[in-house]
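Visitor: Pasting in a structure now, in structure tokens, and then I'll have a few things to ask.
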């Protein structure tokens, strides 16, 4: 709790109160352990994306969603090679929807979409929101 108060204070002093509020709400999503349950409760997708604008956004089409493996998704989202994505997955360095990815060659379609549309990918402390269009 003290870290959050300190971070809010520093962010508002350095940037602005508006930026602090935006980042604070976005970091709330990061801190929830049951992130998919929280996001599924949010009814308006625009509300969800408003706070994820802090993170990078990517898009994949439904053909890629149904035919490609998870290593392709990670490579495309972070702009790295598929072999690098496989190394990250084998080192437990990737989470999708707050669940650790175990198999690099599993199909993307095995993943549960948030709001039937989004995947939240985490590599370390960086996030990418992937929208299936």
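Taken together, the values in this text are just the output of simple stated rules run on the coordinates, not laboratory data. As the structure is a computational prediction, the values presented were derived from the model and not from experiment. For neighbour counting, all protein chains shown are included, and Cβ atoms are generated from backbone atoms with ideal geometry for every residue, glycine included.
Visitor: Please rank 73, 103, fewest neighbouring Cβ atoms within 10 Å first, as an exposure proxy. Each step should come with its number before you reach the end.
Guide: On the way: 73 26, 103 13.
By the 10 Å Cβ count, ascending: 103, 73.
Visitor: Let me ask something else about it. Arranged by the count of other C-beta atoms within 10 angstrom, fewest first, what order do 130, 17, 23 take?
Guide: Working: 130 25, 17 11, 23 17.
Lowest count first: 17, 23, 130.
Visitor: Follow-up question, since we're still on this one. Residue 115 versus residue 131, label points 7 Å from Cα toward the beta carbon: distance in nm?
Guide: 0.9 nm
Visitor: If you average 1/r over every pair of different alpha-carbon atoms in the range 55-132 and take one over that average, what Kirkwood value in Å do you get? Mind dumping the intermediate values first?
Guide: Details: mean 1/r = 0.0829 Å⁻¹.
About 12.1 Å, per the Kirkwood formula over Cα pairs.
Visitor: Once the piece of chain linking residue 82 and residue 13 is laid out straight, how much longer is it, given 0.36 nm per residue of separation minus the C-alpha distance between them?
Guide: Details: separation 69, 0.36 × 69 = 24.84 nm, distance 4.09 nm.
This chain segment gains 20.8 nm when fully extended.
Visitor: Which ordering of 11, 112 is given by a fewest-first count of other beta-carbon atoms within 10 Å? Please report the intermediate quantities before stating the final value.
Guide: Details: 11 18, 112 11.
The order, fewest Cβ neighbours first, is 112, 11.
Visitor: Still on this structure, please answer the following. Label points 7 Å out from Cα along the Cβ direction at residue 3 and residue 21: separation in nm?
Guide: Label-label distance for residue 3 and residue 21, simple model: 2.5 nm.
Visitor: Let me ask something else. Could you give the length gained on full extension between residue 67 and residue 105, defined as 0.36 nm per residue of separation minus the Cα-Cα distance, in nm? Please report the intermediate quantities before stating the final value.
Guide: Values: separation 38, 0.36 × 38 = 13.68 nm, distance 1.11 nm.
Residue separation times 0.36 nm, minus the Cα-Cα distance, leaves 12.6 nm.
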